[in-house]
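Let me begin by presenting the structure, written as structure tokens, before commenting on it.
The values are calculated or read from the model by the stated rules, or taken from the named source; none is laboratory data. Quick caveat, the model's predicted, so the values are computed rather than measured. Here the Cβ is made from the backbone with ideal geometry for all residues, glycine too, and neighbour counts use every protein chain on show. Each accessible area value is taken on the protein alone, full model and side chains, heavy atoms only, with ligands, DNA and RNA left out. Shrake-Rupley method; radii C 1.70, N 1.55, O 1.52, S 1.80 Å.
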Amino acid sequence: MRFDFGITWVAAVVGLLSSTAVAAPYYDAETGFTFSEQRIACTLTSNVLFRFAVPNNVPTGQKYDVVLQVVAPNAVGWAGMAWGGSMVQNPLTVGWQNGQNTVTTSRWANSRSTPIAYTGATYEKLTKGNKANGTHWQFTVKCTGCTSWGSSSIDPRGSPKFAWACSSSKPSSPSSNTTSLPVHDAHNYWSNDMSSGANANFADLVTKNGGHNSYLYNDTISMRVRR
């Protein structure tokens, strides 16, 4: 896989694929989460939706889980994002369709070269929000380790810079989350309003969707709980 954010584009295409829209709240009736949704023009005819749900009462400096939902048309072979806003030295999340299912992988790159598997961010696929049909594919995962790495962290009330990339070509072995990925066709950046995806009942929703909470909060206490 080459997840290269240094590709040169024709200026007109860059303009068409720029992500200038403001992230907006989106309520997902299937899972019950309220997401911060960003619509990305991955190609001239294909939009990818990146959605983020976070706890609403994370203490300053405390680690927290995030629920990521990605929706893409079948014309998109794979879609991914960089949590630190660039390819290098931050968690990369990539997903794609595999038949009637989806696959999610965690990657990391120390340079502008092929990213390797990354164990610092782990994903738990929820029981709802994961599907593929004749037109679109969608994955919904809870990530532990996507919002903090090394000395860096994402403010759940801020507007961090993210990066995205996608390809019309499918992975060579779509059933494997360690498969090599074709070079992306497009990439860009956006600043995402995380506060529009805050959920007061985040932990309950994770549990209701078959997930396990790594971090739990209330108004006065924050503690890490492993199940």
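Observations, loosely collected:
- Surface per residue (accessible, 1.4 Å probe) for the stretch 147-196, Å²: 44
- Here the gap between Asn101 and Thr60, fully extended at 0.36 nm per residue and compared with their Cα-Cα distance, gives a gain of 11.1 nm.
- Listed by chain and number, the aspartates and glutamates whose alpha-carbon sits under 15 Å from that of Lys170, ignoring those within fewer than 8 places in the same chain, are Asp185.
- Listed by chain and number, the lysines whose C-alpha is less than 25 Å from the C-alpha of Lys63, apart from same-chain residues fewer than 8 away, are Lys125, Lys128, Lys142, Lys161, Lys208.
- Surface per residue (accessible, 1.4 Å probe) for the stretch 48-127, Å²: 34
- Distance between the modelled labels on Thr45 and Asn110, one decimal in nanometres: 4.2 nm (7 Å Cα→Cβ projection).
- 3J(HN,Hα) from dihedral phi, the stretch 101-109, Karplus parametrisation 6.51/-1.76/1.60, rounded to Hz, x for glycine, proline: 10, 10, 10, 10, 9, 10, 10, 8, 10
- Karplus (6.51, -1.76, 1.60) ³J(HN,Hα), θ = phi - 60°, over the stretch 162-168, in Hz, Gly and Pro reported as x: 10, 10, 10, 8, 7, 9, 7
- Listed peptides 23-33, 185-195 by packing density, highest first (mean Cβ within 10 Å): 185-195, 23-33
- Modelled FRET efficiency - R0 25 Å, Ser176 with Asn74, Cβ distances, 0.05 increments: 0.80
- Solvent-accessible area assigned to carbon and sulfur over the chain amounts to 50 percent, based on a 1.4 Å probe.
- In order along the stretch 25-38, phi translates into HN-Hα couplings of x, 9, 8, 9, 5, 5, 9, x, 7, 9, 9, 8, 10, 10 Hz, rounded to whole numbers, per the Karplus curve 6.51 cos²θ - 1.76 cosθ + 1.60 with θ = phi - 60° and x for Gly and Pro.
- Altogether, the Stokes-Einstein calculation at 10 °C and 1.306 mPa s, with the Kirkwood radius of the chain over Cα pairs as Rh, returns a diffusion coefficient of 91 µm²/s.
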